[in-house]
Structures are given as structure tokens and as C-alpha cells.
Amino acid sequence: MNVARSTVGISLMMSPETEATVEYVRAQMPSAIIDFRDVFYKIEREGYLEFQMSEIAEYLGRELDTNLFLVSMSSYYGRIVVSDDKVEIFSAIVPPRFQD
């Protein structure tokens, strides 16, 4: 029997950007599970993860763009949508903003 999962996740290698992202997730997504694994963080949540670059930049203390954010990303699971100012990971095959 094939059971669909609604959990999405991301693994981020240690970096100042990752530390700021973890602080952001703790503040903005308290239902997320954050697991430190020696050299990277694994972040999981049911349904949806959203990483707003401008908000993470506030924790970082300097500007952050999606390209630099993606350098720290080692893997993810879910459907990813990357734009200039955010990275989103959905469990839905078609994210709500693309549905009619």
C-alpha cells in the first residue's frame, strides 16, 4: 500500500546563513522540527516550508538572496519553488498559488 506523505524538509550545511535560517524557522514556524546533525541542520514540517530572504537577512545582519541560500542547501524533499525573494517547499503536487 502506497501512503502519501505530507512532510516536507530541507537539509542545510552549517554556515552563518543556516544559523540565521534556523533562528527564523524557530520564530516563524514553531511546528517545524529542527534536528542538528553535527555538520548540517535538517528542518521538517507538515505541508509547507517558506524561507523569506528579507526576513532571514534580519537574523543574519546583512542581505541574503536565494542564490546564497541555495549554496547552503544540500537536499530537500517536497516540491520546491524558488523565486528572487523566497524559497518554498510544498507537499502538494501543485502549490495552491498555481491552482485555479
In segment 86-100, anything at pLDDT below 95 and acidic (Asp, Glu) is listed as ASP100
Filtering segment 36-72 down to residues that are charged (D, E, K, R) and within 12 Å of ILE10 (Cβ to Cβ) yields LYS42, GLU44, ARG45, GLU50
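Could you list, in sequence order, all residues of segment 59-75 that are within 12 Å of GLU19 (Cα to Cα) and either exposed (fewer than 12 other Cβ atoms within 10 Å of the Cβ) or over 14 Å from the mean Cα position of the chain (by Cα) (or both)? Write out each step before concluding.
Quick first cut of segment 59-75, residues within 12 Å of GLU19 (Cα to Cα) only: 59-61, 69, 72.
Listed by number, the residues that qualify are TYR59, LEU60, GLY61.
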Flagged in segment 54-70 as in contact with a helix residue (DSSP H, G or I) (Cβ under 8 Å, 6 or more places away or on another chain), assigned to a helix (DSSP H, G or I) and within 22 Å of VAL39 (Cα to Cα), in numbering order, are ILE56, ALA57, TYR59, LEU60, THR66, LEU68, PHE69
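The values are calculated or read from the model by the stated rules, or taken from the named source; none is laboratory data. Worth saying up front: this structure is predicted, and the values here are computed from it rather than measured. Ideal geometry is used to build each Cβ from the backbone, glycine not excepted, and the neighbour counts take in all protein chains shown.
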